[in-house]
Amino acid sequence: MASSFLFNSMKIKVIPMKKVIFSIITAGLLCFTACGKKIDSFQNEPQSRSFFAMDTYMTITVYGENAETALNQAEERVTELEKMWSVTDESSEIYAVNHSGGASVAVSEETAELLDFSLEISKATNGALDCTMYPILTEWGFTTSNYKVPTDEKISELLENTGYEKIRLDGNSVAIPENMQIDLGAVGKGYTGDLVTEVLKENGIESALLDLSGNIQTIGTKTDGTDWKLGLRSPFDEGSFATLEVSDCAVITSGGYERYFVGDDGETYWHILDPETGKPAHSGLVSVTIVGKEGRLCDALSTSLFVYRA
Ligand code: ADP
Ligand code: MG
């Protein structure tokens, strides 16, 4: 059989745990698997590369003859994308957009594509995903680790300059209002996984595991033809609370436990904000994992469904 649908190829084993409010949402029925296909045993030794990029540690593990070249190109691609999308690098495209004083800025194909996709998901989720939250995230200290709870007045003032619908994207030209700042952090790592997957496949890689910190993407199966086994981290402790068995899939998680601080009032405040209030999202979910074919879709949905209010 050349392919089978996600539900056939994935087994979910959930270890019961009290009070876990958890949602695994399968993003479409599009995950194909190389069922039963064995890759020659001479390719069994993996090669791994770990590096720091996009504010996180990434590890890419690949099997295959061309592993070294594939890894070099994969790392180069991540560096290239980071240089386009960094909010703080003064030479990045996003920095140029954020500091253009309202003027139109020409961006690369990749940036236009990612922004267009992000805006599409913003519309589809009634604004739960909104890439204009950066100034408010900074006010909370999530971009600098100098955490503080902003006053309601300050948040209201900053909310006047947010709103994805104010972004103008025309082909490869982007224009945002003068006092707005955008950040594609909620979707960028997922899209990076997709683009790195392309690079690896172009190099003939048929078996690989990309770990982009919370974002896992797999190419094919393990070399013995069995699915990759992935532990899902518990939102409450260091352990994992479920195991997924997948192939050719992205498995992407967003949770309030990833980056947070406890305020003087004893409340926990996390890094995913509800764009309507400018405050940490309280949908009742503590962690959302999306499984699907496309990293960018899984990444966009994991963040937006964490926010989503019914
Ligand atoms: P990760 O921290 O693993 O990248 P996410 O993909 O869920 O997790 O992205 C969270 C990041 O997205 C936050 O650190 C913040 O920069 C940004 N963000 C927070 N809330 C929103 C939101 N409602 N819409 C879009 N981006 C957001
Ligand atoms: Mg995300």
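Quick look at the numbers
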{"item": "Relative contact order (%) - criterion: Cα under 8 Å, at least six apart; region: the range 119-162", "result": "28"}
{"item": "Mean accessible surface per residue for the chain, computed with a 1.4 Å probe while every protein chain stays in place, in Å²", "result": "48"}
{"item": "Residue-span extension gain [ASP237 to THR69] - 0.36 nm each, minus C-alpha spacing", "result": "56.7 nm"}
{"item": "The chain - mean residue ellipticity at 222 nm from DSSP helices (-39,500 (n - 2.57) per run, n ≥ 4, rounded to 500)", "result": "-9000 deg cm²/dmol"}
{"item": "Positive dipole terminus of the range 166-310, leading residue within VAL262, THR303, VAL174 (C-beta point charges)", "result": "VAL174"}
{"item": "Whole-percent carbon and sulfur share, accessible surface of the chain, 1.4 Å", "result": "49"}
{"item": "Angle in degrees between helix 109-124 and the longest Cα principal axis of the chain, rounded to the nearest 10", "result": "70"}
{"item": "Histogram of C-alpha separations across the range 198-247, 10 Å bin width, %", "result": "24, 47, 22, 7"}
{"item": "Per residue convex hull volume, Cα atoms of the range 67-120, in Å³", "result": "90"}
{"item": "Directionally averaged projected area (convex hull, Cα atoms, the chain), nm²", "result": "16.5"}
{"item": "Convex hull of Cα atoms in the range 95-144, direction-averaged projection (nm²)", "result": "4.4"}
{"item": "Cα-centre dipole for the chain with unit charges at Cβ (Lys and Arg positive, Asp and Glu negative), debye to 20", "result": "1220"}
{"item": "Inter-label distance for TYR147 and ASN179, nm, one decimal - labels placed 7 Å from Cα along Cα-to-Cβ", "result": "2.8"}
{"item": "With all protein chains modelled, accessible area of LYS201 [1.4 Å, Å²]", "result": "110"}
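The values are calculated or read from the model by the stated rules, or taken from the named source; none is laboratory data. Please read all numbers here as calculations on a predicted model, not as lab measurements. Because the Cβ atoms are built from the backbone with ideal geometry, glycine has one as well, and the counts that use them run over all protein chains shown. All accessible areas refer to the heavy atoms of the entire protein, side chains included, with ligands and DNA or RNA removed. Shrake-Rupley method; radii C 1.70, N 1.55, O 1.52, S 1.80 Å.
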